[in-house]
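Okay, structure first, notes after.
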Amino acid sequence: MTWFSTLFYTFLIIRAAFGTAEVENEMFLYSTSVGSMSKLVQLENKLMGSLQVVAKDMQQKLNMIRLYQQMLKRSAEDSSEKQEEYVANPLNAFALLRRLQQDWPKWLTYLKTQPEIEEMQQQLQNAPNENDLQTAIKGLLRIERIYDLEASHMAEGLLLGKQYDSFLTSPDCIALADNLFNRTEYSRSTHWYRTAIRLYKKPYGKLFGRVLGLKRKGLNRKYAQAIVYEPDVSQEPQVAGVEPEWKDNVDNVIKQLVSQSSSDKIQNMVDKYLAVNEQIFIEQRAKHKAKPNAVEKGCRGLWPKRKTHPLTCRYVQQNSAYLMLAPLKMEMLSLEPLIQLYHDVLHDSEIEAVKNVTNHRTMVENVASTVKLITLKDAPHTQNINRRITDMSGLDMAQNNTLQLLNFGLGGYLGKQLKLQGNRIATVIFYASDVALGGATIFPRLQLVVKPKRGSALLWYNLNAAGKPDALTRHAVCPVVVGSRWAISKCIEDQQQLPKKLCLA
């Protein structure tokens, strides 16, 4: 028996006890009069009628609860590893955050007659806020845009050609579509609205409408508005039966849709669009997409495969006496500018010790909340890590032992190629985690992609032979799709100057 069933039957017992006491009092008052006894029948009939209304209302709520439980049914995440694996998928992470921020408060309103509400309200004080939700929405939409994904595919759990056991619901898609619509990206919003409508079906449609307040009629109207607001509505497939006046005059159509068109007329229009195979919309959209920029090309894997240099890998032994005993494995990625990838230079114990700092200190958000970071100066193993940087680069770290611990979550990235710093000699990134999908470091002008690998370190020199900032070292970080990207960064400045800016890489 579920908690709700137990509560339901307890409620019935209480009501029955209250009703019995009421009848007993009435029997005492009216026991000598048969005519008065008939009033008890009327009273009981009223009580039974009221009870039937209450039972019907509670049964409807029970049905809604069971539907929601069925919709959220997933394998048990009874360990932190399984929980981290679950939220590593961006679809799971976004949907979870959106439900906690949008759906669960509405459930409290829907179940306001239940005694558990106060406890749930206390629990929801720790739920994500609106800002957290908007950050997650932007992260997922960034993944869609930069990796050129389709809304309908993402909703089915298909990410970069890999099928995951995850999905988005109609409310999830509505939240994404609304964000795009409010940003006037109407063409993109139509695909999310259409996907939301396709997912708005039995048995969950009643739940979306009654509990979450997401009525199908309102969703149809939003989709119709997005269609007519598009800069070039002719980009949509030609749908047989759609009246020409819908596209003759956009301003008039919008006015008609918003203030004059009936829900039935809009429903008829939407049904005709839904009758079109989704693949046709995808093909039409592909014809009108803008050409990808350099960062998008790199993240999508559109650059030609690099030729392997005959002397790509070697052991480094010359920078310290310690390296004579334990040489570093180095892979040469570029000679001009000099870019090197060191393998297995960070131990698991060091990684965990550094990441454990987050248990005692809060990571601050930076770069429009796409990256969280902590400055490390006296944290465990910082001295060892700085000594390893000296071993790799031959540069003295004595005057500056500051490191940055970075975490890129859902859609986290550094999309703008970072501004060159005149006093920055070199940059080092220690990868503190593997990333299942996304999160690569790219150098657009070199068409070089480096995928994160736990324990490895990427080192490049920012100055050219003339001592000037080298534009070829401009880099970016692709959005994290599945997983979490942990990194330890170090910007090696001119020895006469201490770093004044955060080392984001």
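Might you let me know whether the stretch 108-120 holds any residue that is in a helix (DSSP H, G or I), within 20 Å of G415 (Cβ to Cβ) and acidic (D, E)? Looking through the stretch 108-120, none of the residues is in a helix (DSSP H, G or I), within 20 Å of G415 (Cβ to Cβ) and acidic (D, E).
Answer with yes or no whether S189 is buried (at least 17 other Cβ atoms within 10 Å of the Cβ) and in a loop (DSSP other than H, G, I, E, B). So S189 does not fit the description; no.
Just checking, does the stretch 325-345 include any residue being among the β-branched types (V, I, T) and at pLDDT 90 or above? Please lay out each step first, then the result.
Start the filter on the stretch 325-345 by keeping residues that are among the β-branched types (V, I, T), which leaves 339, 345.
Going one step further and asking which of them are at pLDDT 90 or above, we end up with 339, 345.
So far as the stretch 325-345 goes, yes, one or more of its residues are among the β-branched types (V, I, T) and at pLDDT 90 or above.
Selection within the stretch 434-463: residues that are of a type outside the set (A, V, I, L, M, F, W, C) and out of contact with any helix residue (DSSP H, G or I) (no Cβ under 8 Å at 6 or more places or on another chain). The member of this set that is farthest from L338 (Cα to Cα) is D434.
Looking only at the stretch 472-494, residues that are surrounded by 24 or more Cβ atoms within 10 Å (Cβ to Cβ) and assigned to a loop (DSSP other than H, G, I, E, B) come to 3 in all.
Residues checked against (1) modelled with pLDDT of 85 or more; (2) open to solvent by 20 Å² or more (accessible area, probe 1.4 Å); (3) within 16 Å of A177 (Cβ to Cβ):
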position	(1), (2), (3)
L111	no, no, no
E118	no, yes, no
N126	no, yes, no
I137	yes, no, yes
A151	yes, no, yes
L159	yes, no, no
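Residue count for the stretch 342-379, restricted to those that are open to solvent by less than 20 Å² (accessible area, probe 1.4 Å), touching a residue at least 60 places away in the same chain (Cβ under 8 Å) and not in a loop (DSSP other than H, G, I, E, B): 6.
Scanning the stretch 173-191 for residues that are under 18 Å from Q267 (Cα atoms) and in contact with a Ser or Thr (Cβ under 9 Å, 6 or more places away or on another chain) turns up just one, H191.
Which one is most open to solvent (accessible area, probe 1.4 Å), of the residues in the stretch 417-471 that are at pLDDT 90 or above and of a type in the set (K, R)? Within the stretch 417-471, the match that is most open to solvent (accessible area, probe 1.4 Å) is K451.
From the residues in the stretch 161-180 that are of a type in the set (D, E, K, R) and not in a helix (DSSP H, G or I), which one is modelled with the highest pLDDT?
Restricting to residues being of a type in the set (D, E, K, R) and not in a helix (DSSP H, G or I), the top hit is K162.
Count of the stretch 197-212 residues, restricted to those that are modelled with pLDDT of 90 or more, outside any helix (DSSP H, G or I) and either of a type outside the set (A, V, I, L, M) or in contact with a Ser or Thr (Cβ under 6 Å, 6 or more places away or on another chain) (or both), is 1.
For residues that are open to solvent by 40 Å² or more (accessible area, probe 1.4 Å) and not in a loop (DSSP other than H, G, I, E, B), tally how many sit in the stretch 273-305. Steps first, please.
Of the residues in the stretch 273-305, the ones open to solvent by 40 Å² or more (accessible area, probe 1.4 Å) are 275, 277, 279-280, 283-291, 293-294, 297, 300-302, 304-305.
Now narrow it down to the ones that are not in a loop (DSSP other than H, G, I, E, B): 279-280, 283-287, 294, 297, 300.
The number of residues fulfilling the criteria is 10.
Hey, any hits in the stretch 262-270 for a residue that's open to solvent by less than 30 Å² (accessible area, probe 1.4 Å) and either part of a loop (DSSP other than H, G, I, E, B) or in contact with an Asp or Glu (Cβ under 9 Å, 6 or more places away or on another chain) (or both)? Let's see the steps before the verdict.
Here is the first cut: in the stretch 262-270, the ones open to solvent by less than 30 Å² (accessible area, probe 1.4 Å) are 266, 269-270.
With either part of a loop (DSSP other than H, G, I, E, B) or in contact with an Asp or Glu (Cβ under 9 Å, 6 or more places away or on another chain) (or both) added as a condition, the list becomes 269.
Yes: one or more hits.
Restricting attention to the stretch 184-204, does a residue exist that is within 14 Å of the chain's Cα centre (by Cα) and small (G, A, S)? No, the stretch 184-204 contains no residue that is within 14 Å of the chain's Cα centre (by Cα) and small (G, A, S). Answer yes or no as to whether V316 is closer than 19 Å to A487 by Cα and in contact with a Leu (Cβ under 7 Å, 6 or more places away or on another chain). So V316 does not fit the description; no.
Give the stretch 330-341 a look and list any residue that's assigned to a loop (DSSP other than H, G, I, E, B) and either small (G, A, S) or in contact with a helix residue (DSSP H, G or I) (Cβ under 8 Å, 6 or more places away or on another chain) (or both), or say none.
Of all residues in the stretch 330-341, those assigned to a loop (DSSP other than H, G, I, E, B) come to 335-338.
Residues satisfying the conditions are E336, P337.
Of everything in the stretch 74-95, what is in a helix (DSSP H, G or I) and either in contact with a Cys (Cβ under 9 Å, 6 or more places away or on another chain) or more than 19 Å from S170 (Cβ to Cβ) (or both)? Give them in sequence order. Result: S80, E81, K82, Q83, E84, E85, Y86, V87, A88. Output yes when any residue across the stretch 74-97 is of a type in the set (V, I, T) and open to solvent by less than 60 Å² (accessible area, probe 1.4 Å), and no when none is. No - not one qualifying residue is present in the stretch 74-97. Take T382 and decide whether it is among the β-branched types (V, I, T) and crowded, with 18+ Cβ neighbours inside 10 Å. In short, yes.
Scanning the stretch 382-412 for residues that are small (G, A, S) and in a loop (DSSP other than H, G, I, E, B), which turns out farthest from L323 (Cα to Cα)? Walk me through it before giving the result.
Taking the stretch 382-412 first, the residues small (G, A, S) are 393-394, 398, 409, 411-412.
Still in the list and also in a loop (DSSP other than H, G, I, E, B): 394, 398, 409, 411-412.
Numbers: G394: 12, A398: 19, G409: 35, G411: 38, G412: 36 Å.
Ranking the qualifying residues of the stretch 382-412, first place goes to G411.
For H475, the conditions (1) more than 16 Å from D494 (Cα to Cα); (2) over 27 Å from the mean Cα position of the chain (by Cα) all hold with the exception of (2).
Only residues that are in contact (Cβ under 8 Å) with a residue 60 or more places away in the chain and loosely packed, with under 12 Cβ neighbours inside 10 Å were counted in the stretch 320-341, giving 1.
The values are calculated or read from the model by the stated rules, or taken from the named source; none is laboratory data. Since this is a predicted model, take the numbers as computed values, not measurements. Cβ coordinates were reconstructed from backbone atoms using ideal geometry, including for glycine residues, and neighbour counts include every protein chain displayed. These area figures cover heavy atoms from the full protein model, side chains too; ligands, DNA and RNA do not enter into them. Shrake-Rupley method; radii C 1.70, N 1.55, O 1.52, S 1.80 Å.
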